[in-house]
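Visitor: Dumping the structure here so I can ask a few things about it.
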Amino acid sequence: MKKYGVIMAGGGGTRFWPLSRRERPKQLLNLSGNDIMVNETIDRIAASVGKENVFIVTNETQAKLMKTETAGRVDEARILAEPAARNTAACIGYAAMEIVKKYEDGVMCILPSDQFVKNTGEFTKVMDAAIEAAQQTDMLVTIGIRPTFPATGYGYIATESEADGAAATPIGQTGKTYRKVKEFVEKPDLETAEGYVASGNYAWNSGMFIWKASTILKKFETLLPDIYACLVEIGDAMGTPEEAEVIQRVYPQIPKISIDYGIMERSPDVLMLEGDFGWNDIGSLDMLGIAKAADEKGNVLYGQQINLDTENCILYGTDKLIATIGVKDLIVVQEKDVVLICDAKRAQDVKNIVGILETEGKDNYL
């Protein structure tokens, strides 16, 4: 059976402002010092599916730059542009319909474009096992990350355990196993998260999914019939002269809902493989220490710096020198037109600045 990679790359990365902008969002930034995040994602999944089978779903405002930045890695015809942001269910359904209508049914490996993976070899082993599980079972498969601390910023996945009378099921000769999912739970408070980690039956929700394109379309038909009707109308136009017009007209009508709420949490047939490959979701500026090592004083530094008695700061300069004296636990980001100074504990609130800029019509800063 054919194997495909589908990379979701349409987000705005508002918690990464001012580095992340509408025209060049987080997935098009080089945060590791190696390559931009979407290219690193392409290379990871290509080890399992081949670069010729990688698709990217982005939005129209980013599509041109996305094609430029991924040239030589992804065929332009496989960069799908959404005319409107409709959340992850629409994004995934659009890619599934494209695959079924224009190519050949196969297993889709769906990944966000802005995650960090340290051990790419182990990632490939887990992904290959997940592909095999999806082929064998015709079920929905997800990757859960073994938690290393009681994170309150991640969703969790609970799986059946020996206490439930359910042993882990081996996958071929891969050495990997899967368990059936009991429930998906939202971001918990600290006490709850500590209980999850202590139980050993919970994993972080990575937002990575593996399933046959035909299987997920059947789920749309059953669980999200309004979205499915839109996808069918778009699919019927694929390969015809009317394709572009139909996508422009129909896509903005698709209801906004995430794949987690719309399908995963409502499906009884979801399997989880555990991943332990140095995964992190670099969702906000305080996570930059994941992508780049800190110095001996705990500072994560980009660009030109002079730092005296400075500790546990994230300092990101682009074209200007950043000089600090006697500060700690700060995030400072210098862009050509913006300087952000933030208490490191309030990195999640950066998105509120973006909201204010939108309200005040200051689009030149977005």
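Visitor: Pairs to check: Lys2/Lys101; Lys118/Lys292; Lys256/Lys362; Lys118/Lys180; Lys3/Lys101. Give those whose C-alpha atoms are more than 20 Å from each other in this structure.
Guide: Lys256/Lys362; Lys118/Lys180
Visitor: Would you mind computing, in nm to one decimal, how far apart the modelled labels at Thr169 and Thr152 are, each placed 7 Å from Cα along Cα→Cβ?
Guide: 3.7 nm
Visitor: If you average the C-alpha positions of region 93-121 and of region 175-212 separately, how far apart do those two centres end up, in angstrom?
Guide: Centre-to-centre (Cα) distance: 21 Å.
Visitor: Between Lys345 and Ala85, 0.36 nm times their residue separation minus their Cα-Cα distance comes to what?
Guide: 90.7 nm is the gain from fully extending Lys345 to Ala85.
Visitor: Roughly how many debye, to the nearest 20, is the charge dipole of region 2-281 about its Cα centre, given +1 on each Lys and Arg Cβ, -1 on each Asp and Glu Cβ, and no other charges?
Guide: The calculation lands at about 460 debye.
Visitor: Using a simple spin-label model with points 7 Å from Cα along the Cα→Cβ vector, what separation in nm is obtained for Asn312 and Asp43?
Guide: Output for this residue pair reads 3.3 nm.
Visitor: Okay, next question. Once phi is turned into ³J(HN,Hα) by the Karplus curve 6.51 cos²θ - 1.76 cosθ + 1.60 with θ = phi - 60°, what whole-Hz value does each residue of region 299-305 show in order, with x for glycine and proline?
Guide: Using θ = phi - 60°, the values come out as 8, 9, 10, 10, x, 6, 9 Hz.
Visitor: Before rounding to the nearest 500, sum -39500 (n - 2.57) across all DSSP H runs of length at least 4 in the chain and divide by the residue total; then give [θ] at 222 nm in deg cm²/dmol.
Guide: Value at 222 nm, helices only: -9500 deg cm²/dmol.
Visitor: Then there's this: For region 250-255, in order, what is each residue's ³J(HN,Hα) by Karplus, 6.51 cos²θ - 1.76 cosθ + 1.60 with θ = phi - 60°, in whole Hz (x at glycine and Pro)?
Guide: 3J(HN,Hα) across region 250-255, in whole Hz: 8, 4, x, 7, 5, x.
Visitor: Dipole of the chain (Lys/Arg Cβ +1, Asp/Glu Cβ -1, origin at the Cα centre): which of Leu111, Ala77, Ser20 lies farthest to the positive side?
Guide: After comparing all options, I get Ala77.
Visitor: Would you mind working out the magnitude of the charge dipole of region 286-365 relative to its Cα centre, with +1 at each Lys and Arg C-beta and -1 at each Asp and Glu C-beta, to the nearest 20 Debye?
Guide: 80 debye
Visitor: In what sequence, highest mean first, do 232-243, 283-294 appear when ranked by Cβ atoms within 10 angstrom?
Guide: 283-294, 232-243
Visitor: How would Ile145, Ile341 line up from fewest to most surrounding beta-carbon atoms within 10 angstrom?
Guide: Neighbour counts put them in this order, fewest first: Ile341, Ile145.
Visitor: Ala323's amide H: which non-local residues (gap 5+, or another chain) put their own amide H closer than 5 Å, with H modeled 1.01 Å from N in plane and none for Pro or chain starts?
Guide: Ile306
Visitor: Further, regarding this structure: Relative contact order of region 1-133: what whole-number percent is it, with Cα pairs under 8 angstrom and at least 6 residues apart?
Guide: After rounding, I find 35 percent.
Visitor: Using a cut-off of 19 Å between alpha-carbon atoms, which aspartates and glutamates can reach Lys336, once sequence neighbours fewer than 8 places away in the same chain are excluded?
Guide: Counting by Cα, and skipping residues close in sequence, Lys336 has these aspartates and glutamates nearby: Glu23, Asp319, Asp363.
Visitor: Right, here's the next one. Exposure proxy check: Ile227, Ile7, Ile353 ranked by fewest other beta carbons within 10 Å?
Guide: Ile353, Ile227, Ile7
Visitor: Continuing with this model, one more query. Which ³J(HN,Hα) values, rounded to whole Hz and listed in residue order, are derived for region 102-116 from phi using the Karplus coefficients 6.51, -1.76 and 1.60 in 6.51 cos²θ - 1.76 cosθ + 1.60 with θ = phi - 60°, glycine and proline given as x?
Guide: After applying 6.51 cos²θ - 1.76 cosθ + 1.60, I find 10, 10, 7, 3, x, 7, 9, 9, 9, 9, x, 8, 10, 10, 10 Hz.
Visitor: Continuing with the same structure: Could you tell me the calculated FRET efficiency between Glu60 and Asp319, based on Cβ-Cβ distance and R0 = 25 angstrom, to the nearest 0.05?
Guide: Between Glu60 and Asp319 the formula returns 0.30.
Visitor: Just want to confirm a number: the relative contact order over the chain, from Cα pairs under 8 angstrom separated by 6+ residues, in percent.
Guide: Value for the chain: 20 percent.
Visitor: Quote to one decimal, in nm, the extra length available between Lys292 and Asn34 on full extension: 0.36 nm per residue of separation minus the C-alpha distance between them.
Guide: 91.9 nm
Visitor: Something else now. If each residue's Cβ is checked for other Cβ atoms within 10 Å, how do Thr177, Thr152 rank with the fewest at the top?
Guide: So the ranking, lowest neighbour count to highest, is Thr152, Thr177.
Visitor: Taking all pairs of different Cα atoms in region 286-365, averaging 1/r and flipping that mean, what Kirkwood radius in angstroms comes out?
Guide: The Cα-based Kirkwood calculation yields 13.4 Å.
Visitor: Cα centroid distance between region 4-55 and region 286-352, in Å?
Guide: Distance between centres, Cα-based: 23 Å.
Visitor: Please work out which option in [x] 0.97; [y] 1.11; [z] 1.02 gives Cα Rg over 2.2 N^0.38 Å calculated from these coordinates, and answer with its label.
Guide: The value computed from this structure is option [z].
Values quoted throughout were computed directly from the atomic coordinates according to the rules given, and no laboratory measurement underlies them. Owing to the predicted nature of the structure, the values given are computational and were not obtained by experimental measurement. Cβ sites come from the backbone with ideal geometry, for glycine too, and all protein chains shown count toward neighbours.
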